[in-house]
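Some notes on the structure that comes next.
The values are calculated or read from the model by the stated rules, or taken from the named source; none is laboratory data. If you're wondering where the values come from, they're calculated on a predicted model, not measured in any experiment. Here Cβ is always computed from backbone atoms with ideal geometry, including for glycine, and neighbour counts include all displayed protein chains.
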Amino acid sequence: MDSQVSSKSSVLRSALKSLFSDEHTIMVVLGIAVGVAGGYGAVGFRHLIDFIQSVAYGSPSDLLDVVQSIPWYYRIIIPAIGGLIVGPTVYFFAREAKGHGVPEVMNSVALEQGIIRKRIVVIKTMVSAVCIGTGGSVGREGPIVQIGSAVGSALGQLFKVSTNRMRVMVGCGAAAGIAATFNAPIAGSIFALEIILGEFGIATFSPIIISAVSATAISRHYLGDFPAFVLPPYHLNSPLEFPLYIILGLVCALVGLGFTLFLYRAEDAWDAIKFPEYLKAVVGGLIIGAMGLLVPQILGVGYGAIDLALLIKMSWWMMALLVLGKILATSITIGSGGSGGIFAPSLFMGAMAGGAFGAVANSLFPSIVITPGAYAVVGMGAVVAATTHGPLQAILIIFEMTGDYKIILPLMVTCIISCLIAQKLCGESIYTFKLIRRGVNIKAGKEVNILSSMPVKNVMYHTVEMVPEHLPLKIFAENLPKSRSNNFVVVNKKEEMTGVLTFLDYYDALFVEKPDDDMTVGDIMTPDPVTVTIEDNLNTAFEKITADDFAILPVVAPDEPLKLLGVLTRRDILDAYDQAVIKKAIT
């Protein structure tokens, strides 16, 4: 009997060992762990925002109702106090916690092998909760994506997973964050695959789905299982509505594009202001508070105002005004140093633009447009599609947030139209636009991103063969056989770089025409050479060296263009790239 029990235990242990030695199974188990952690993180973040709002405004209720019951000077002071906390915390402890968060996650996937600093979980949670809870005009979705992704990265680092697995872990965290926030597991999964990772492989799909489902289960247990927004009764009254939804798609594309461009113009404007970086958020908070006196709808996440737009309880001109107001308020909040997402502001702008459009269409075509609030719902998805360039996740997130299948046809048409127009007018989404400004091109492929992740200073040769510009060519020719190189940097008496001398420069002069007695190196060198700085990356260097088929690139100091620090060749760049690819393949 004992031998039978022992035999069964041995078989069970063997089966479990075999099961957990399978890579796919391990990733599913880790996906569940990330989903549970991400779910609890999302729930905790929601409660933290409510707590901070209770401390700041005296109530966790919808901010639109709360601010109308407090003195006017509190409306100005409270957002400024929030900025006083957020600005220094971000500046001194975690600069990547500034802004809306998702580009930083995409950057970690593309360039940092999915590594996100562990402190981001704590810092991003705190500063975003303070910014939103004190009235900052941002959303909670971006921070939750960054927090969930940081949790996934931390677990990946703990278990020392490979680079490819680490990217999936980060995607699991992003999916968990979106799924738990919106009670939308399908949309959360598609967001991670479409926006964060940009791939739909089965090995990637399974753990991300499991993570999103796990996070949603946690969220529903603590926050309830009900749609984020309740729609008025809706049905497609006439096929003639479809042309109107196509026009709405164009309108929402322009709104999304305007928001994207204005946001980064605002960031540039704030960066140009000569003022302590860590105090700019205070000024931003004062401006947001002053705006809240006139249009309190722009404060905070704005879900209360969205509900009013869905029910068309505001005039069309007021909703149109709020589109512009929200673009300005969100740009000021993020540009001045605040921390929060752009997803909820995009939903807000879409609801207002769609609501205004629906109200006008209803007044012009009352027999066709019977439910103008439906245009507000569709507008929400269309602006999200235009800003993120992710129509699939935009369609699914609105469908899951409303729980109404009847809206799906106009929603699909409008989101696709809006996304296509936005992509045509601007090739970058609100996420990739930020990365492009840093020199990171997510869509360019792994070659560009690998090169972009390697600084010139790690690859260049520090020992450079220099020749004086006044050196006679005959003496140069005599010493040439002793050199290990056939490319040289030419310097003056102060050892400042004045040009480069390559094989093509001296071949004819030395071996065909024979040099005159009075000819010097300076007579045949290439003056004013193209250079790179020690702070540049290899992608920048590769673009420069291939532009005109240069042999070498001198490396100089950023602030001293004549001070030679090293030299870089095309072979150096290609060797560094090959080594990086091999390293990624074996880790």
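Can you run down the residue pairs with Cβ atoms below 6 Å, 6 or more apart or on separate chains, where the first is in segment 390-409 and in the same structural domain as I196 (by TED's automatic domain parsing) and without any contact (Cβ under 8 Å) to a residue 24 or more places away in the chain and the partner is surrounded by fewer than 19 Cβ atoms within 10 Å (Cβ to Cβ) and in a helix (DSSP H, G or I)?
none
Looking for whichever is at pLDDT 80 or above and part of a helix (DSSP H, G or I) here; the options are I196, I147. Which one fits? Steps first, answer last, please.
Details: I196 fails: at pLDDT 80 or above.
After ruling out the rest, the residue left standing is I147.
Of all the residues that make up segment 234-246, how many are touching a Ser or Thr at 6+ places or on another chain (Cβ under 9 Å) and closer than 24 Å to S346 by Cα?
3
So, D518, is that one assigned to a helix (DSSP H, G or I), surrounded by fewer than 13 Cβ atoms within 10 Å (Cβ to Cβ) and at pLDDT 75 or above or not? Let's see the steps before the verdict.
Working: assigned to a helix (DSSP H, G or I): no; surrounded by fewer than 13 Cβ atoms within 10 Å (Cβ to Cβ): yes; at pLDDT 75 or above: yes.
For D518, the condition - assigned to a helix (DSSP H, G or I), surrounded by fewer than 13 Cβ atoms within 10 Å (Cβ to Cβ) and at pLDDT 75 or above - is not met.
Got a sec? Which of G258, G304, G284, G224 is in contact with a Gly (Cβ under 9 Å, 6 or more places away or on another chain) and of a type in the set (G, A, S)? Step through it out loud before you land on a result.
On the way: G258 fails: in contact with a Gly (Cβ under 9 Å, 6 or more places away or on another chain); G304 fails: in contact with a Gly (Cβ under 9 Å, 6 or more places away or on another chain); G224 fails: in contact with a Gly (Cβ under 9 Å, 6 or more places away or on another chain).
It is G284.
Could you check segment 538-548 and list, in sequence order, the residues that are surrounded by fewer than 20 Cβ atoms within 10 Å (Cβ to Cβ) and touching a residue at least 40 places away in the same chain (Cβ under 8 Å)? Let's see the steps before the verdict.
Here is the first cut: in segment 538-548, the residues surrounded by fewer than 20 Cβ atoms within 10 Å (Cβ to Cβ) are 540, 543-544, 546-548.
The answer is T540, and nothing else.
Report the residue count in segment 51-70 for those that are surrounded by 14 or more Cβ atoms within 10 Å (Cβ to Cβ) and among the acidic types (D, E).
We begin by selecting, within segment 51-70, every residue surrounded by 14 or more Cβ atoms within 10 Å (Cβ to Cβ); these are 52-54, 56-57, 59-64, 66-67, 70.
Narrowing further to those that are among the acidic types (D, E): 62.
The number of residues fulfilling the criteria is 1.
Exactly one of these conditions fails for I368: (1) assigned to a helix (DSSP H, G or I); (2) over 27 Å from the mean Cα position of the chain (by Cα). Give me its number.
Failing condition for I368: (1).
Look at A97 and say whether it is at pLDDT 80 or above and not aromatic (F, W, Y).
Values: at pLDDT 80 or above: no; not aromatic (F, W, Y): yes.
Criteria not met by A97.
Within segment 495-504, how many residues turn out to be over 15 Å from T569 (Cβ atoms) and at pLDDT 80 or above?
4
If you take the residues in segment 257-284 that are closer than 30 Å to G373 by Cβ and touching a Leu at 6+ places or on another chain (Cβ under 8 Å), which one is surrounded by the fewest Cβ atoms within 10 Å (Cβ to Cβ)? Don't jump to the end; show me each part of the working.
Going through segment 257-284, the residues closer than 30 Å to G373 by Cβ turn out to be 257-263.
Retained after the next criterion (residues that are touching a Leu at 6+ places or on another chain (Cβ under 8 Å)): 257, 262.
Numbers: L257: 21, F262: 16.
My answer is F262.
For residues that are modelled with pLDDT under 70, in a loop (DSSP other than H, G, I, E, B) and surrounded by 19 or more Cβ atoms within 10 Å (Cβ to Cβ), tally how many sit in segment 432-467.
Looking only at that region, the number is 1.
Test G152 against the stated conditions and say whether it is surrounded by 24 or more Cβ atoms within 10 Å (Cβ to Cβ), in contact (Cβ under 8 Å) with a residue 40 or more places away in the chain, assigned to a helix (DSSP H, G or I) and not β-branched (V, I, T).
Criteria met by G152.
Being closer than 21 Å to V383 by Cα, surrounded by fewer than 16 Cβ atoms within 10 Å (Cβ to Cβ) and over 27 Å from the mean Cα position of the chain (by Cα), is that true of even one residue in segment 247-256?
Taking every residue of segment 247-256 in turn, at least one turns out to be closer than 21 Å to V383 by Cα, surrounded by fewer than 16 Cβ atoms within 10 Å (Cβ to Cβ) and over 27 Å from the mean Cα position of the chain (by Cα).
Report every pair of residues separated by at least 6 positions or lying on different chains whose Cβ atoms are under 7 Å apart, first residue within segment 287-314 and touching a residue at least 24 places away in the same chain (Cβ under 8 Å), second hydroxyl-bearing (S, T, Y).
Filtered contacts from segment 287-314: I288/S137; I288/T333; I298/S137; L299/S137.
Residues in segment 155-175: is at least one outside any helix (DSSP H, G or I) and either touching a Phe, Trp or Tyr at 6+ places or on another chain (Cβ under 8 Å) or at pLDDT 80 or above (or both)? Break it down stepwise before answering.
As a first pass, look at segment 155-175 and keep what is outside any helix (DSSP H, G or I): 159-162.
From what is left, the residues that are either touching a Phe, Trp or Tyr at 6+ places or on another chain (Cβ under 8 Å) or at pLDDT 80 or above (or both) are none.
Among the residues of segment 155-175, not one is outside any helix (DSSP H, G or I) and either touching a Phe, Trp or Tyr at 6+ places or on another chain (Cβ under 8 Å) or at pLDDT 80 or above (or both), which makes the answer no.
Looking at T414, T402, can you tell me which residue is within 18 Å of Y303 (Cβ to Cβ) and hydroxyl-bearing (S, T, Y)?
Working: T414 fails: within 18 Å of Y303 (Cβ to Cβ).
Checking each option against the conditions leaves just T402.
Mind counting the residues in segment 469-492 that are within 18 Å of L565 (Cα to Cα) and either in a strand (DSSP E or B) or modelled with pLDDT under 80 (or both)?
Count: 6.
Looking only at segment 199-228, count how many residues are surrounded by fewer than 24 Cβ atoms within 10 Å (Cβ to Cβ), under 22 Å from the mean Cα position of the chain (by Cα) and either modelled with pLDDT of 85 or more or closer than 19 Å to R140 by Cβ (or both).
Matching residues across segment 199-228 total 1.
Here's the yes/no breakdown for (1) surrounded by fewer than 24 Cβ atoms within 10 Å (Cβ to Cβ); (2) farther than 16 Å from W72 by Cα; (3) of a type in the set (D, E, K, R):
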residue: Q297; (1), (2), (3): no, no, no
residue: Y303; (1), (2), (3): yes, yes, no
residue: K313; (1), (2), (3): yes, yes, yes
residue: M319; (1), (2), (3): no, yes, no
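Of all residues in segment 554-563 being at pLDDT 80 or above and surrounded by 15 or more Cβ atoms within 10 Å (Cβ to Cβ), which is farthest from the chain's Cα centre (by Cα)? Quick ask: steps written out before the conclusion?
So the first thing to find is which residues in segment 554-563 are at pLDDT 80 or above, and the list is 554-557.
The next check asks that each one be surrounded by 15 or more Cβ atoms within 10 Å (Cβ to Cβ); those that pass are 554-556.
Numbers: P554: 33, V555: 31, V556: 31 Å.
Taking the candidates together, the pick is P554.
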